Amino acid sequence: MSEKQQSRKLILVNRTPLEELVLNVILTLRELKENEVLVLKGRGDYIPKAIDVYNEVKKRLGNALVLKNVSIGSEKAGRRTLSYIEISLKFTM
């Protein structure tokens with residue numbers, strides 16, 4: 001199934017503490033259905049934090065975590081343009 005045909009669950013990285021985000025990602029990954037992927041999105045100053053969350057989840061889950069896709073870009077947010085990173089993840093048993 002292609003990336004476009006899969007449904008996505010989005011976790012937006014923000015001021016939430018790193019450990020809380022990591023726990024939220026792990027719990028969400030375990031609840032995913034066969035055709036779903038989890039998208040971890042960091043915008044602006046939260047791009048490095050999104051990468052930190054991914055690295056911590058990878059450290060904890062090891063090979064059970066599959067990196068499906070990484071995309072970067074920019075989007076309008078009011079009058080500003082913000083860069084973003086989207087990290088698509090899948091959990092395998």
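Some points to look at:
- Among the residues listed as K59, K41, K49, the single one being on the phi < 0 side of the Ramachandran plot, part of a strand (DSSP E or B) and of a type outside the set (A, V, I, L, M, F, W, C): K41
- Residues that are within 16 Å of N24 (Cβ to Cβ) and open to solvent by 70 Å² or more (accessible area, probe 1.4 Å) within region 60-93 comprise just one, R60.
- Residue in region 4-19 that is under 13 Å from S88 (Cβ atoms), open to solvent by 30 Å² or more (accessible area, probe 1.4 Å) and aliphatic (A, V, I, L, M) present: yes
- Unmet criterion (only one of (1) more than 28 Å from R80 (Cα to Cα); (2) open to solvent by 40 Å² or more (accessible area, probe 1.4 Å)) for V57: (2)
- Yes/no for S88 being of a type in the set (S, T, Y), farther than 21 Å from E20 by Cα and part of a strand (DSSP E or B): no
- Residue within region 16-30 that is within 18 Å of A77 (Cβ to Cβ), at pLDDT 95 or above and not small (G, A, S) present: no
The values are calculated or read from the model by the stated rules, or taken from the named source; none is laboratory data. Just so we're clear, the structure is a prediction, and the values are computed from it rather than from any experiment. Using ideal geometry, Cβ is built from the backbone for each residue, glycine included, and neighbour counts are taken over all protein chains shown. Protein only, heavy atoms only, side chains kept; ligands, DNA and RNA dropped before computing areas. Shrake-Rupley method; radii C 1.70, N 1.55, O 1.52, S 1.80 Å.
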